[in-house]
Amino acid sequence: MLMDLLYVISKDQQNKEELLNLLQQHQEIRFVSLVGIDYLGNDTDEKIPVKVFIDDIESFLFGTAVQTDGSSVILPGIATLNNAKVDMKVDLTTNWFVDYNEDNIDEVTGKPVGTIRMPCHLYHEGVAVDSRYILKNAVNSFKASMMKLFEENQEYLANFNIAFDEIEDIEITAATELEFWVNTPNELTEIEELSTSQVLKEQYWKRTKGPVRTAMEQSLDLLDKYKLEPEMGHKEVGGVKSKLTEGGVLSHIMEQLEIDWKYSTALQTCDNELLARGLIKETFRKNGLDVTFQAKPIDGVAGNGEHLHVGVTLKLKSGKVMNLFHNYSEKDFMSEIGYGAIMGLLRNYEVVNPFVSSSYNALQRLKPGFEAPVCIVTSLGFTKEVPSRNRTVLAGLVRDEHNPMATRFELRSPNPHTNIYLTLSAVIGSMIDGISYVVSNHKHSADLLAELSKQPGEAADYLEKNRCYRSEEDVFEHYSEEERAEIFGRAPRTVYENTLALQDEERIKVLTESGIVNKKIITGYTEAILEKWTTELEHRILQNYSNEIRAISKCEGDDFTEYDLEMWNEIDTLRKEIMKDSYVSKSLFTLMREAIEAKNYEALSNLQIIVDDKMKTLRELYVNYRRNLMSC
């Protein structure tokens, strides 16, 4: 009976006649929900009885059937409490999905109750302001810019052996890879055990077993029913071996997994990823397992990435599809358009990064030693004949000599909680800038390869003089921390530092002049992520640190010596400096809370860096202290 469920409503079915027919055939569908995406990537959800939808179907499809307010969505500076009305208008350009609740069985049909999740746009005072619309706007801006550039510079179509009049459409293609940690609820694993297993790569690509295997297989099957075309599910680098109870049940599960599915258009890819996260989490829950998509759920162990693959295709009137990043006419790393796209991303990454890494947790993941990028650098390959798979760079070129359609870029910095709609929008804006430079200045492959491969101090027409942008080496091992900062630029350490680029009038032009966003949206987004950062610091990070410090206790046994006492005194002094006030001094935690209250973001940023470093030192001291005691 479950084979009869409806999972996808495609674009050509989103009309009154087809929808009424589908709802008549599938009476287990009892609700509809409009899905809008705010600036932090939160998706709206509500249960509207399907009868209400049917009675007012024209308004739902072509008007404004639902309204919300500024307290329901995060659109600061736009939907405010004194001007809160937000209209929700259904988007008829991407697939709709039917979400089934297997815990609620419809009495009439015997099937799980379904809810149609309809992507929508959020309008404030008649203007669309949501993340989905911003991405749609970015895609349209890219198409218009590329068509204009090609019309005025048709020599750049020679690589593809086509004329301008043959072009029907230009499309951004994208895909994401979703990593996540899964564990048995309420069971903890020692960080040292996880770290050791990671270094030894004991879990990477190993077989899944028990409930993890079942949940993985069910997730892949379910993604296929929603036409996401899953390509792979496997263990990632993190995790430890589970244990078998006396009853023959696996417990103490702590594993990192990855699931991938087929690429699609830009907007559909983002909608697909939102769907996939929910399906995976719910499927693992039904198998008695917790799932977290946090960027850095466990300090000292690999975090969760969400690598973003981006390409551009050219659709001809004949029906033929070509890859704009691939060089068809000669053996080269990529086309001039491809060079322009990657150079635009690297040159403008400081203004892309605030959309990629917008939280404390996201920046904690981007640390050396965990296969996460820390430098603005690309890799093309040691030779044009051998594709690169350098996993230490920010954005790598992915290609297959035998498959021209495979040429694309992989941005390795996003995580599962990245607002992928806004990230992809910012990436598209940077690509427009780089490609415009290439085409408007009549640059060709040899010149572009030389500029992309330049050394620090070498002058360049587009890229910054004092930076290096390409490395085929392991950037974690080949360069020291100081060298990385000097030649690739210093990475932001806090959310505040990451927002500074959004306050730079010159840097944000890559987004505003292309019409992707305006300054009001940038200001609102900046306010949103700063508020999230300060709230998390005050009510989550400081609380967690406090619990950790309180759990540090003095051990005294028969083997306790003056050496141990000296070590404990150092630990105790440090934990009091971090957390405890006195008549003569304030703790670092108190100073942070005062900075939050005063909205002194610069001071708070500096204090966060100090506290994070001191907490790391405190952990190391306490581990060494306990190791030296035989009876603790």
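The values are calculated or read from the model by the stated rules, or taken from the named source; none is laboratory data. Nothing here was measured: the structure is a model prediction, and the numbers come from that model. Every residue, glycine as well, gets a Cβ built from its backbone with ideal geometry; the counts of neighbours run over all protein chains shown.
Looking at this structure, is residue 338 in contact with a His (Cβ under 9 Å, 6 or more places away or on another chain), assigned by TED's automatic domain parsing to the domain that holds residue 269 and under 28 Å from residue 487 (Cβ atoms)? Here the answer is yes, as residue 338 does meet what is asked. From the list 556, 527, 566, 506, pick out the single residue that is charged (D, E, K, R), within 30 Å of residue 453 (Cβ to Cβ) and out of contact with any helix residue (DSSP H, G or I) (no Cβ under 6 Å at 6 or more places or on another chain). One residue alone meets the criteria, 506. Mind counting the residues in segment 392-405 that are of a type in the set (D, E, K, R) and crowded, with 16+ Cβ neighbours inside 10 Å? Counting residues in segment 392-405 that are of a type in the set (D, E, K, R) and crowded, with 16+ Cβ neighbours inside 10 Å gives 1. Of the helices (runs of 4 or more DSSP H) lying entirely inside segment 351-470, not one contains at least 3 residues that are over 30 Å from residue 40 (Cα atoms) and of a type in the set (Phe, Trp, Tyr). Among residues of segment 353-376 being in contact with a Leu (Cβ under 7 Å, 6 or more places away or on another chain) and not polar (S, T, N, Q), the one that is surrounded by the most Cβ atoms within 10 Å (Cβ to Cβ) is 355. Over 22 Å from the mean Cα position of the chain (by Cα), part of a loop (DSSP other than H, G, I, E, B), surrounded by fewer than 15 Cβ atoms within 10 Å (Cβ to Cβ) and hydroxyl-bearing (Ser, Thr, Tyr), is that true of residue 109? So residue 109 does not fit the description; no. Residues in segment 350-364 include none that are over 16 Å from the mean Cα position of the chain (by Cα) and either over 19 Å from residue 486 (Cα atoms) or small (Gly, Ala, Ser) (or both).
Note on segment 277-326: residues that are at pLDDT 90 or above, among the acidic types (Asp, Glu) and more than 13 Å from residue 178 (Cβ to Cβ) total 2.
For segment 343-357, the condition holds for no residue, the condition being that it is out of contact with any strand residue (DSSP E or B) (no Cβ under 6 Å at 6 or more places or on another chain), at positive phi and not hydroxyl-bearing (Ser, Thr, Tyr).
Listed conditions (1) assigned to a loop (DSSP other than H, G, I, E, B); (2) touching a residue at least 60 places away in the same chain (Cβ under 8 Å) are all met by residue 100, apart from (1). Of all the numbered requirements in (1) without any contact (Cβ under 8 Å) to a residue 60 or more places away in the chain; (2) more than 29 Å from residue 529 (Cα to Cα); (3) not basic (Lys, Arg), residue 589 misses one, and that requirement is (2). Being in contact (Cβ under 8 Å) with a residue 24 or more places away in the chain and over 25 Å from the mean Cα position of the chain (by Cα) is true for just one of 386, 438, 377. Which residue is that? Within the list 386, 438, 377, the selection yields 438.
Criterion applied to 578, 596 was being of a type outside the set (Phe, Trp, Tyr) and either exposed (fewer than 13 other Cβ atoms within 10 Å of the Cβ) or free of Cβ contacts under 8 Å to residues at least 60 places away in the same chain (or both), and the one residue passing it is 578. Scanning segment 272-300 for residues that are in a loop (DSSP other than H, G, I, E, B) and over 24 Å from residue 355 (Cα atoms) yields 287, 288, 289, 300. Looking at the structure I just gave you, is residue 75 in a helix (DSSP H, G or I) and either at pLDDT below 90 or surrounded by fewer than 18 Cβ atoms within 10 Å (Cβ to Cβ) (or both)? Here the answer is no, as residue 75 does not meet what is asked. The C-beta contact set for segment 407-419 (first residue farther than 25 Å from residue 291 by Cα and in the same structural domain as residue 351 (by TED's automatic domain parsing), second residue outside any loop (DSSP other than H, G, I, E, B) and basic (Lys, Arg), distance under 7 angstrom, 6+ apart or interchain) comprises 407/399.
Cβ-Cβ distances below 7 Å connect the following pairs, each with a first residue in segment 393-405 that is acidic (Asp, Glu), a second residue that is modelled with pLDDT of 90 or more, and a separation of six or more residues or different chains: 400/406. Confirm whether residue 499 is at pLDDT 95 or above and either surrounded by fewer than 14 Cβ atoms within 10 Å (Cβ to Cβ) or in a loop (DSSP other than H, G, I, E, B) (or both). So residue 499 fails the test. Assess whether residue 500 counts as being within 23 Å of residue 364 (Cα to Cα), assigned by TED's automatic domain parsing to the domain that holds residue 616 and of a type outside the set (Val, Ile, Thr). Here the answer is no, as residue 500 does not meet what is asked.
Among the residues of segment 157-176, none qualifies, meaning not one is surrounded by fewer than 19 Cβ atoms within 10 Å (Cβ to Cβ), within 31 Å of the chain's Cα centre (by Cα), at negative phi and in a helix (DSSP H, G or I). Filter segment 250-284 down to the residues that are among the basic types (Lys, Arg) and over 19 Å from residue 417 (Cα atoms) and list them by number. Within segment 250-284, just 262 meets the criteria.
Residues that are farther than 30 Å from residue 500 by Cα number at least 2 in the following helices (runs of 4 or more DSSP H) confined to segment 525-632: 542-550, 562-579, 601-627. If you go through segment 526-533 one residue at a time, do you hit one that is surrounded by fewer than 18 Cβ atoms within 10 Å (Cβ to Cβ), closer than 30 Å to residue 129 by Cβ and not basic (Lys, Arg)? Looking for residues that are surrounded by fewer than 18 Cβ atoms within 10 Å (Cβ to Cβ), closer than 30 Å to residue 129 by Cβ and not basic (Lys, Arg), one finds at least one in segment 526-533, hence yes.
What number of residues in segment 374-410 are over 24 Å from residue 477 (Cα atoms) and at pLDDT 90 or above? Residues flagged as over 24 Å from residue 477 (Cα atoms) and at pLDDT 90 or above within segment 374-410 amount to 7. Could you please let me know if residue 558 is charged (D, E, K, R) and modelled with pLDDT of 95 or more? Considered against the rule, which asks whether it is charged (D, E, K, R) and modelled with pLDDT of 95 or more, residue 558 comes out as no. For segment 553-573, the condition of being closer than 28 Å to residue 359 by Cβ and either of a type in the set (A, V, I, L, M) or not assigned by TED's automatic domain parsing to the domain that holds residue 503 (or both) holds for none of the residues. The residues on offer are 453, 480, and the sole one that is out of contact with any helix residue (DSSP H, G or I) (no Cβ under 8 Å at 6 or more places or on another chain) and either buried (at least 16 other Cβ atoms within 10 Å of the Cβ) or at pLDDT 95 or above (or both) is 453. Taken as a whole, the structure places residue 141 among residues that are in contact (Cβ under 8 Å) with a residue 60 or more places away in the chain, more than 22 Å from residue 10 (Cα to Cα) and touching a Gly at 6+ places or on another chain (Cβ under 6 Å). Take residue 506 and tell me if it is in the same structural domain as residue 346 (by TED's automatic domain parsing), free of Cβ contacts under 8 Å to residues at least 60 places away in the same chain and either within 19 Å of residue 373 (Cα to Cα) or of a type in the set (Val, Ile, Thr) (or both). For residue 506, the condition - in the same structural domain as residue 346 (by TED's automatic domain parsing), free of Cβ contacts under 8 Å to residues at least 60 places away in the same chain and either within 19 Å of residue 373 (Cα to Cα) or of a type in the set (Val, Ile, Thr) (or both) - is not met.
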